[in-house]
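The values are calculated or read from the model by the stated rules, or taken from the named source; none is laboratory data. In this text, all values refer to a predicted model and were calculated from it rather than measured experimentally. Here the Cβ is made from the backbone with ideal geometry for all residues, glycine too, and neighbour counts use every protein chain on show.
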Amino acid sequence: MAYKLIPSTFSEAGSSVKHMDTATAAEGLRLWNYLVNTYGMENPLAFDPTNKKQVKIARALQTEFTKAEIKKKLKISALKVDFGDGSRGNRGSGNQGNLFEQQLEAGINDWIETSELTNNKYRDFIYGLVKHYHLEDCIAVRVIAEGGENKKRPMQLVNGHWKIGTASLSTGYEIGSTITDLTLESKCKGKPLHKYYLSLKTSGTTNLSNLGLKTNVFPVDEVKAGKITTANGIALMKTFGLDEATFCATFNEFQSGNKNYKVLDSAPNYNKPLLQELIKGSLGYGYHYVHLNKGKIKHMEITERFLNQAANVTNVRVSYGGETGGAKRVNIHMTTPLLDMTFNIRNTSDRGTTADPDRVYPDKLQSGYKMKGESIETVFQD
């Protein structure tokens, strides 16, 4: 089975349920509409065109409700629901990220060999890239596929400053060689060997490397007691301007059964230098950003100047309990001159622990950004 139908619009959702009977299709559309409007996820469902009764709900939502809860809430009886990512992201039969990388690599190699691109669907982008970096003036160009390397970028607090992978205030934020998917090596006359790093993005979602929130940031017993004492936890709350009591209450209220808890702080007292460190370490510079969305590519060279502007936060808003309230999460939204960014602190585990059998207390910090002019969010890879 291949759950490869992953609709991003209501029209696409309608097409994705055409193989189902009327009652089952109606429940599928109702489920898609509810998840999109409630959780803000663009493509929460995956359908198998050969399965007339079942749908997969993105695993990112399995900490928000159980299968029984969602079926009861939406009065679903004909449609079988389960959690699974289908062919989105870097898994499944429709690996969009790897396919995009392969097609670009093939196109660049065609240009290297013949200087012509007749059939490659991304030829306009490739020609633009060649022109931007003056590759036509080089005597040798080579493309290296590195997307499968999965280089980790753990997040740490070092001497009171945020460090993402090797990027920090003291070491700098040039991360091209770490996050590259395709690397272009060029040798131009009279110049040394040079490398250009391409970071490829699709509409899939991945997670920002995390601190292991349940152990050295927000231990369950401390959140339950309403008092955070870990250095990492105190620093993270200071960074975002989180109120300790309200933060802890978000998860404790959910645990106690209150599904309506919601507090909006539109002017938190955040620490701008620390927040800039977090953004700069996550986004970095020294690479070419390439984002494929619905067949179109948005791309730009991410320079140090761009990063400095992108990290200049102008507005922060904190939603305790999520956007609609009653959720076991805290969302932090921020705006800069060049991008919109969201961090969220939540539980994403698929099994309980002795201290947290119901999977309520936060274990992960996630983050995504949207460049100005884009309609879809890119989420940082771990």
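Of everything in the stretch 18-51 that is farther than 23 Å from Gly295 by Cβ and among the aliphatic types (A, V, I, L, M), the residue that is nearest to the chain's Cα centre (by Cα) is Leu35.
Conditions (1) within 30 Å of Tyr173 (Cα to Cα); (2) part of a loop (DSSP other than H, G, I, E, B); (3) of a type outside the set (Ser, Thr, Tyr), marked per residue:
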position	(1), (2), (3)
Glu222	no, no, yes
Leu236	yes, no, yes
Thr239	yes, no, no
Lys259	no, yes, yes
Ile279	yes, no, yes
His288	yes, no, yes
Lys298	yes, no, yes
Leu307	yes, no, yes
Val316	yes, no, yes
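Looking at Lys259, Lys280, Lys296, just one residue is modelled with pLDDT under 95 and either more than 30 Å from Tyr320 (Cα to Cα) or polar (S, T, N, Q) (or both), and that residue is Lys296. For the stretch 233-260, the set of residues classified as of a type in the set (S, T, N, Q), touching a residue at least 40 places away in the same chain (Cβ under 8 Å) and surrounded by fewer than 19 Cβ atoms within 10 Å (Cβ to Cβ) consists of Thr246, Gln255, Asn258, Asn260, listed by residue number. All of (1) more than 26 Å from the chain's Cα centre (by Cα); (2) modelled with pLDDT under 90; (3) closer than 30 Å to Gly326 by Cα hold for Phe65 with one exception: (1).
Taking Arg317, is it out of contact with any helix residue (DSSP H, G or I) (no Cβ under 9 Å at 6 or more places or on another chain) and loosely packed, with under 15 Cβ neighbours inside 10 Å? For Arg317, the condition - out of contact with any helix residue (DSSP H, G or I) (no Cβ under 9 Å at 6 or more places or on another chain) and loosely packed, with under 15 Cβ neighbours inside 10 Å - is not met.
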